[in-house]
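Data first, discussion second: the structure below is written as structure tokens.
The values are calculated or read from the model by the stated rules, or taken from the named source; none is laboratory data. Bear in mind the structure is a predicted one, so any value in this text is a computation, not a measurement. So basically every Cβ, Gly included, is an ideal-geometry build from the backbone, and we count neighbours across all protein chains shown.
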Amino acid sequence: MGMLVHVLAFAGLVIPLGNIIGPLVLWLVKKEEMPFVDWHGKQALNFNISIWIYGAIIGFAALVLFWTLIFPMLAMLFIGALLVFWLVMTIVNAMKASNGEWVKYPLTIEFLK
């Protein structure tokens with residue numbers, strides 16, 4: 001179940017905000033009865049909310065500075081790097097959770113403690 005909390009973030013590839021909704025639903029259902037799922041749910045939610053915020057900041061900056069030729073291309077590069085980072089970190093932490101490890105994502109704002 002700890003691994004599933006992380007894997008449910010891939011719902012974001014199909015459903016808008018699915019990367020937050022998927023882990024949130026499982027976390028809300030299982031957090032009281034499974035401390036391991038409670039920990040991993042918080043970590044997955046904090047990470048996915050942080051990624052969404054970072055993406056929104058990059059997107060907003062690209063919109064504000066759209067008239068320059070260089071910045072939109074840089075924004076696309078940063079969004080691509082952010083997507084790869086999200087994908088790799090989600091897979092790595094899902095695998096660690098499947099091995100019973102208690103993990104933390106890097107570059108995460110802790111909304112839920």
Is the range 46-53 home to any residue that is modelled with pLDDT under 95, farther than 20 Å from GLY100 by Cα and hydroxyl-bearing (Ser, Thr, Tyr)?
-> no
Which condition breaks for PHE47 when tested against (1) of a type in the set (Phe, Trp, Tyr); (2) surrounded by 12 or more Cβ atoms within 10 Å (Cβ to Cβ); (3) over 16 Å from the mean Cα position of the chain (by Cα)?
-> (3)
Those residues of the range 69-93 which are of a type outside the set (A, V, I, L, M) and either surrounded by 12 or more Cβ atoms within 10 Å (Cβ to Cβ) or farther than 30 Å from MET1 by Cα (or both) amount to PHE71, PRO72, PHE78, PHE85, TRP86, THR90, ASN93
Return the only residue of PHE71, PHE60 being in contact with a Leu (Cβ under 7 Å, 6 or more places away or on another chain) and at pLDDT below 90.
-> PHE71
Over the range 8-43, the set of residues touching a Ser or Thr at 6+ places or on another chain (Cβ under 8 Å) and either among the charged types (D, E, K, R) or closer than 21 Å to ILE79 by Cα (or both) is ALA9, PHE10
